[in-house]
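Asks: Sharing a structure, written as structure tokens. Questions coming.
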Amino acid sequence: MLQTFAYVRAGSLNDAVKQLDGPGARVHAGGTDLLGCLRDDVMSAEKVVSISRLDDLRGITPAADGGLRIGALTTIADLAAHPGIAEKYAALAQAAAVVASPQLRNQGTIGGNLCQRPRCWYFRGDYHCTRKGGDMCYAIGGENQYHAIFGGGACWIVHPSDTAPALVALDAKLRLISAKGARMVPAEKFFVLPDENAQKENVLAPGELVTEILLPPMPAGMKSAYRKVRARGSWDFAMAGMALTLTMKADKVADARIVLSGVAPIPWRLQAVEKLIIGQKLDAKLMTKAADLAVVGAKPLEQNAYKVAMVRGIVAEGLEKLL
Amino acid sequence: MDHDNTDKPAPATPGVSRRGFITSVGTGAIGVAAAASLVSAAPPETQADVVAAGGMSSVSLVVNGRRHTMLVEPRWSLLYVLRDRLGLTGTKIGCERGECGACTVLIDGKARYACMTLAVEADGRDITTIEGLMTGEELGTTQQAFADEDAFQCGYCTPGQVMAAESLLRVNPSPTLDEIRQGMAGNLCRCGAYAHIFKAVAKAADLKRQGR
Ligand SMILES: Cc1cc2nc3c(=O)[nH]c(=O)nc-3n(C[C@H](O)[C@H](O)[C@H](O)COP(=O)(O)OP(=O)(O)OC[C@H]3O[C@@H](n4cnc5c(N)ncnc54)[C@H](O)[C@@H]3O)c2cc1C
Ligand code: FES
Ligand code: FES
């Protein structure tokens, strides 16, 4: 049985924001990550504020600028099944389709998927690690086969979300709201590295909510894809993955965004690789160069050097497939 | 009165089934119809009432076509309420972490994990458990297909598997083997009866297409 908590089902967004303004309050969307965290004592909650009945935050609608607006409460299943997303923002549809299991996709929301807590077994286990306010990352020198190879330092978690790298690659923006007001944050700026703050994964202030995700209009000719490598065929988190967008002009790369999953505490953008290929003809030689450049700066731990080779393979294969 | 049964029973459970009878007898102590709903009564734009820590909230769950109005603690999972409060023990407890699928039920027709759903969150929802697939004493189509194909060994995961299959077939009446595998990916079988489980799902799809 969970610890007791106060509970309120918000009747409006205003109400939710008011209820969340104060210490100890937690947002409940689908609850699929929150309940696991409460059960494992990874997080505590004095008050659970449910936003699950705020139907205005659900659904996918055209945005004024020609892009799409995704309400934060849209389920992962609805996202994966949406024809407009599949057609224009394939990376997001493909990422949503490989999130967790059918049951969790029916219940879990896109907002919750972006704000979920990491899956590091020390963090989820009985360890007072850096991310819980302790002074040690147990993955260093511990069982670290699924941990980060980029962006580590004070903590070596990998960000667990599959949709996050897709949204960063697609240059989405998130709308946030709190008692202090609303703000827009590019998906890329939403996530936080441990060296900046090892106790949270994103820039959300206490009591702040994600209300919607805005996808920009798709540039003509842009293609995108998401590839995920996992340890088994049924549900599992990414060992490594890549969201990729590619816009070609004649036979040259006009634009590209490459973002890795499963290898860093945030969706890991490969800007150097993007620079390398933009303006170039993407032939076999350049793809090999891109793959090599992708892993420059990787710092594998004792048990996860395989991820370096995996990233190299994913990048080379992904570029070739999408071309 | 224990239950407010004014709602029409679902077509799958006409009249009082054996399960339904046990259920209504078994819940006398906790079913409360009269208490005002603390959370669902708030009109939009007004501030909803907070249920205090340790307090109770009235919810109305339509389980297998039968309405139960009862008090629950916000921290109670739907799994706990189904099994320990409503006596519907067909839904199984496994990991309680959303990892195994033993607790799969349908909420508004879609498969979800009852262990990862707070009972307060299911307020007003239509819930179908394995018991709700029966027609009186007769097995439902998907249940029958599992029996016919020997799709289990110990049987512990079976109710969850059947509910996941039921959900899959409602969305996709003619799944390919690969779609069956993906659709059933949220349900583990400790005994490894997967080959038979996938066959049973295909058979259930066949039977349903024949109108059975
Ligand atoms: C067994 C298992 C396997 C999984 N596998 C994968 C996987 O392969 N890939 C993957 O990407 N994910 C995976 N997940 C994570 C799953 O997708 C998330 O749990 C789900 O998307 C969270 O959505 P939710 O609505 O249930 O969030 P909740 O559980 O309600 O919330 C999650 C967290 O985010 C906060 N939150 C929720 N909504 C908002 C909001 N709008 N604004 C601000 N904060 C908010 C909550 O306070 C909470 O801390 C898995 C989860 C489980 C349990
Ligand atoms: S008990 Fe719910 S998924 Fe395992
Ligand atoms: S039949 Fe034993 S767990 Fe599946």
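Asks: If you check A:D40 against the conditions, is it within 16 Å of ligand 2 (Cβ to nearest atom) and either within 14 Å of chain B (Cβ to nearest Cβ) or more than 15 Å from the chain's Cα centre (by Cα) (or both)?
Replies: Yes: the conditions hold for A:D40.
Asks: Here's something else I'd like to know. Looking at B:R97, B:R170, B:R181, can you tell me which residue is part of a helix (DSSP H, G or I), within 10 Å of chain A (Cβ to nearest Cβ) and open to solvent by 60 Å² or more (accessible area, probe 1.4 Å)?
Replies: B:R181
Asks: Going by what's in this entry, would B:G94 be described as more than 16 Å from ligand 3 (Cβ to nearest atom) and within 24 Å of A:R232 (Cβ to Cβ)?
Replies: So B:G94 fails the test.
Asks: Sticking with this structure for a sec: Among the residues of the stretch A:39-60 satisfying the criterion of being not hydroxyl-bearing (S, T, Y) and not in a loop (DSSP other than H, G, I, E, B), which is surrounded by the most Cβ atoms within 10 Å (Cβ to Cβ)?
Replies: The qualifying residue surrounded by the most Cβ atoms within 10 Å (Cβ to Cβ) is A:V48.
Asks: Which numbered condition trips up B:G155, out of (1) within 16 Å of ligand 2 (Cβ to nearest atom); (2) in contact (Cβ under 8 Å) with a residue 24 or more places away in the chain; (3) away from every other protein chain (no Cβ under 12 Å); (4) over 25 Å from A:A80 (Cα atoms)?
Replies: Among (1) within 16 Å of ligand 2 (Cβ to nearest atom); (2) in contact (Cβ under 8 Å) with a residue 24 or more places away in the chain; (3) away from every other protein chain (no Cβ under 12 Å); (4) over 25 Å from A:A80 (Cα atoms), the lone unmet condition for B:G155 is (2).
Asks: Another question about this same structure. Which residue pairs have Cβ atoms closer than 6 Å, lie 6 or more positions apart in sequence or on different chains, and pair a first residue in the stretch A:108-122 that is within 16 Å of ligand 3 (Cβ to nearest atom) with a second residue that is open to solvent by less than 30 Å² (accessible area, probe 1.4 Å)?
Replies: Hits for this filter: zero, empty list.
Asks: Exactly one of (1) open to solvent by 30 Å² or more (accessible area, probe 1.4 Å); (2) within 23 Å of A:K307 (Cα to Cα) is unmet by A:L270. Its number?
Replies: (1)
Asks: Testing B:L79 on (1) touching a residue at least 40 places away in the same chain (Cβ under 8 Å); (2) not in a strand (DSSP E or B), one condition comes back false. Which one is that?
Replies: Every condition holds for B:L79 apart from (1).
Asks: Residues in the stretch B:77-84: is at least one away from ligand 1 (no atom under 16 Å from the Cβ), touching a His at 6+ places or on another chain (Cβ under 8 Å) and not basic (K, R)?
Replies: no
Asks: While we're on this one: Do you know which residues across the stretch A:69-98 are within 14 Å of chain B (Cβ to nearest Cβ) and either surrounded by fewer than 24 Cβ atoms within 10 Å (Cβ to Cβ) or more than 13 Å from the chain's Cα centre (by Cα) (or both)?
Replies: Once the filter is applied, which keeps residues that are within 14 Å of chain B (Cβ to nearest Cβ) and either surrounded by fewer than 24 Cβ atoms within 10 Å (Cβ to Cβ) or more than 13 Å from the chain's Cα centre (by Cα) (or both), the stretch A:69-98 yields A:L73, A:T75, A:A77, A:D78, A:A80, A:A81, A:Q94, A:A97, A:V98.
Asks: Could you count how many residues in the stretch A:119-153 are surrounded by fewer than 18 Cβ atoms within 10 Å (Cβ to Cβ) and in a loop (DSSP other than H, G, I, E, B)?
Replies: So the answer is 13.
Asks: Further question: Just checking, which of A:T247, A:T211 is among the hydroxyl-bearing types (S, T, Y) and in the same structural domain as A:P300 (by TED's automatic domain parsing)?
Replies: Only one candidate qualifies: A:T247.
Asks: Being within 16 Å of ligand 2 (Cβ to nearest atom), touching a residue at least 40 places away in the same chain (Cβ under 8 Å), aliphatic (A, V, I, L, M) and in contact with a Phe, Trp or Tyr (Cβ under 9 Å, 6 or more places away or on another chain) is true for just one of B:A204, B:A119, B:A111. Which residue is that?
Replies: Of the residues listed, the single one that is within 16 Å of ligand 2 (Cβ to nearest atom), touching a residue at least 40 places away in the same chain (Cβ under 8 Å), aliphatic (A, V, I, L, M) and in contact with a Phe, Trp or Tyr (Cβ under 9 Å, 6 or more places away or on another chain) is B:A119.
Asks: OK, next. Say whether the condition of being within 14 Å of chain B (Cβ to nearest Cβ), open to solvent by 30 Å² or more (accessible area, probe 1.4 Å) and either assigned to a strand (DSSP E or B) or within 16 Å of ligand 1 (Cβ to nearest atom) (or both) is met by at least one residue in the stretch A:237-250.
Replies: Yes, the stretch A:237-250 contains a residue that is within 14 Å of chain B (Cβ to nearest Cβ), open to solvent by 30 Å² or more (accessible area, probe 1.4 Å) and either assigned to a strand (DSSP E or B) or within 16 Å of ligand 1 (Cβ to nearest atom) (or both).
Asks: Check off (1) within 16 Å of ligand 3 (Cβ to nearest atom); (2) within 10 Å of chain A (Cβ to nearest Cβ); (3) more than 21 Å from B:R83 (Cβ to Cβ) for B:N187 and give me the number that stays unchecked.
Replies: Every listed condition holds for B:N187 apart from (3).
Asks: Yes or no: A:G31 at the interface with another protein chain (Cβ under 8 Å from one of its Cβ atoms) and on the phi > 0 side of the Ramachandran plot?
Replies: Yes.
Asks: Quick one: how many residues across the stretch A:6-23 are outside any helix (DSSP H, G or I), within 10 Å of chain B (Cβ to nearest Cβ) and open to solvent by 10 Å² or more (accessible area, probe 1.4 Å)?
Replies: 3
Asks: Now, a different point. Counting only residues that are within 14 Å of chain A (Cβ to nearest Cβ) and in a helix (DSSP H, G or I), how many does the stretch B:101-144 have?
Replies: Total satisfying the criteria: 7.
Asks: Can you work out which of the residues in the stretch B:100-136 that are within 16 Å of ligand 1 (Cβ to nearest atom) and under 20 Å from B:A147 (Cα atoms) is surrounded by the fewest Cβ atoms within 10 Å (Cβ to Cβ)?
Replies: By that ranking, first place goes to B:A102.
Asks: Still on this structure: So which residues in the stretch A:208-229 are part of a loop (DSSP other than H, G, I, E, B) and open to solvent by 20 Å² or more (accessible area, probe 1.4 Å), if there are any at all?
Replies: Those that are part of a loop (DSSP other than H, G, I, E, B) and open to solvent by 20 Å² or more (accessible area, probe 1.4 Å): A:P216, A:P217, A:M218, A:P219, A:A220, A:G221.
Asks: Applying the selection to the stretch A:222-246, what residues are free of Cβ contacts under 8 Å to residues at least 40 places away in the same chain, within 16 Å of ligand 2 (Cβ to nearest atom) and more than 18 Å from A:Q116 (Cβ to Cβ)?
Replies: Matches in the stretch A:222-246: none.
The values are calculated or read from the model by the stated rules, or taken from the named source; none is laboratory data. These numbers were taken from a predicted model, which means no experiment stands behind them. Quick reminder, even Gly has a Cβ in these numbers, built from the backbone with ideal geometry, and neighbours come from all protein chains shown. What goes into the accessible areas is simple: the full protein's heavy atoms, side chains included, and nothing from ligands, DNA or RNA. Shrake-Rupley method; radii C 1.70, N 1.55, O 1.52, S 1.80 Å.
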